[in-house]
1. Kindly provide the set of residues from the range 231-257 that are out of contact with any Ser or Thr (no Cβ under 6 Å at 6 or more places or on another chain) and modelled with pLDDT under 95, ordered by number.
2. Whether any residue in the range 324-339 is of a type outside the set (D, E, K, R) and closer than 30 Å to SER428 by Cα is what I want to check.
3. Do we have any residue at all in the range 335-350 that's polar (S, T, N, Q), more than 23 Å from ALA202 (Cβ to Cβ) and at pLDDT 90 or above?
4. Kindly list the number of the only condition in (1) surrounded by fewer than 17 Cβ atoms within 10 Å (Cβ to Cβ); (2) over 30 Å from ALA132 (Cα atoms) that fails for VAL388.
5. Checking the condition closer than 25 Å to ARG396 by Cα, under 16 Å from the mean Cα position of the chain (by Cα) and touching a residue at least 12 places away in the same chain (Cβ under 8 Å), which residue from PHE97, PHE44, PHE58 passes?
6. Taking the range 426-449 on its own, how many of its residues are touching a residue at least 12 places away in the same chain (Cβ under 8 Å) and surrounded by 15 or more Cβ atoms within 10 Å (Cβ to Cβ)?
7. Yes or no: LEU23 open to solvent by 10 Å² or more (accessible area, probe 1.4 Å) and modelled with pLDDT of 75 or more?
8. Being under 27 Å from LEU312 (Cβ atoms) and open to solvent by 10 Å² or more (accessible area, probe 1.4 Å) is the filter here; which residues of the range 101-115 pass it?
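The values are calculated or read from the model by the stated rules, or taken from the named source; none is laboratory data. Since the structure is predicted, the reported quantities are computational estimates derived from the model, not experimental observations. Backbone-built Cβ (ideal geometry, glycine too); neighbour counts: all protein chains shown. With ligands, DNA and RNA removed, areas are computed over all heavy atoms of the protein, side chains included. Shrake-Rupley method; radii C 1.70, N 1.55, O 1.52, S 1.80 Å.
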Amino acid sequence: MAKRKLRLWEALALSLGLMGPTLAMAGNGQGIIGTVGKAVPLVFLLGFMGVALVAYGFIRLTQRYNHAGSAYALVGATLGPRAGFVAGFALFGTYLFFTICTAAVFGAFLNALLGSLFDAGTSLGYGIAAVACLLVTGYMNTRDTTTVSRSLLAIEGVGIAAMLVLVVAVFGQGGADSTGVDFSTFTPDGVGLSAVLAAVVAAFLSWAGFEACAALGEETDDPRRNIPRALFGSVLLTGVLFVVVMFAQTIGFGTDESGLAAFQGSGNTLGDLGEGYVGHWFGLLLLITAVLSAFASNLSSVMASARLAMALARHGFGPRQFAAIDPAHRTPRNAVLAMAAVGIVVNLVTWLTGWPVMGTGDAAIDAYFFFAVVGATCLLFAYLLVEVAVFAAWRRGQVTVRTVELVLPALGGLFILVVIFYSVKDASGLSPAFVAIGWVVFGLLVALFAGGLADRIGASLTQELDDVDKDHTFIDSEVR
């Protein structure tokens, strides 16, 4: 009997799970307050606009191509195998670094929950918590994909509902007593536009993973319709949610100096605001959902990194065992276990050594921000290549795009270049931006100098895309 294809909601659940809306809103605002002050909502509004432009490229290309390699295949089919490899390697780095950082922040949120349930000194070494998280998510990812998708949807559904209740409570009480509802948070006054643009990479971090459902194109029912819909839905839903929730958090703490200091020093902003505006029980609920969201994001990160490792391995890059599919559950079991193992080792090393130090005062949050920004920066390079791929596909007649629409991927590419520039221009030492650039440059060198690998990738990718295309054409004709 043929394996049941995933439905639209299951593909959407993967994207939501990897983005981790509750995780993003509980931990991604604090890191940019020192740079932009109260303009955090403006940063997220600009991030929403940039991600929407990027999403256009993915939507257009997945209307024609669907492959487990996601951006790897989309770029490879349009710009050639070498460019495809660079995009795939950058995207693989994103998911791998997210596998590391989401396990670390799981430990941070778990400690915040323990401290709230018992006393402020109750905690568990985040390395131990990260290992436990990765052992469970690694096991779950060797099971059926449908089970994972249902878990992700349930977890994020509760978190989103709780955030909406918090937003209503903050707006209903008029925000902090000292500053009230302050719409100047949507302006760069006092910090400058360059500082805001430099912080947008942190906003991209919150949306990172919206394209994850593209990696399930081969497993999804009617992918030329459902994958683009899942992409559009994930960006629109989280875009509105993130801007509104971040605005509510900023005015909830207050936009004066003491309010911003409280925002920046919060270990879990949703939990702290929930306790202050609704009650202790609601703060606990939000803490629990944040822990579960971090777990769900790690679950999706392991899934997505394993599928990219599988796609690269079956084209000759990496251990060929990664390309093997478990016959019982149809999952890349070996790749899943390898990605989880990498996450375990790195989290144990960072926990035991105390590196990296990012200045938040919490070792787990420091590790989270470091590896999260590395992954988000890698993702920007993959996104850039996807925007260029739209033009290549248009010129070759691979996709039908009205000429006027080409302004969207052009603006998207320009936006990404500006964000990358401002994220590296003041960076120094072993900064996350430079680590990400090093990862991408390594992938570029492999693509340039490993000619045999590029040829194998080109031949294999072309054959696979042709096979998938024939299958979808047959399905479409049957439906018609």
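1. Of everything in the range 231-257, those that are out of contact with any Ser or Thr (no Cβ under 6 Å at 6 or more places or on another chain) and modelled with pLDDT under 95 turn out to be LEU231, PHE232, GLY233, VAL235, LEU236, LEU237, THR238, GLY239, VAL240, LEU241, GLU257.
2. yes
3. The answer is no, given that none of the residues of the range 335-350 is polar (S, T, N, Q), more than 23 Å from ALA202 (Cβ to Cβ) and at pLDDT 90 or above.
4. (1)
5. PHE58
6. 11
7. No: the conditions fail for LEU23.
8. If the condition is that a residue be under 27 Å from LEU312 (Cβ atoms) and open to solvent by 10 Å² or more (accessible area, probe 1.4 Å), then PHE106 is the only one that fits.
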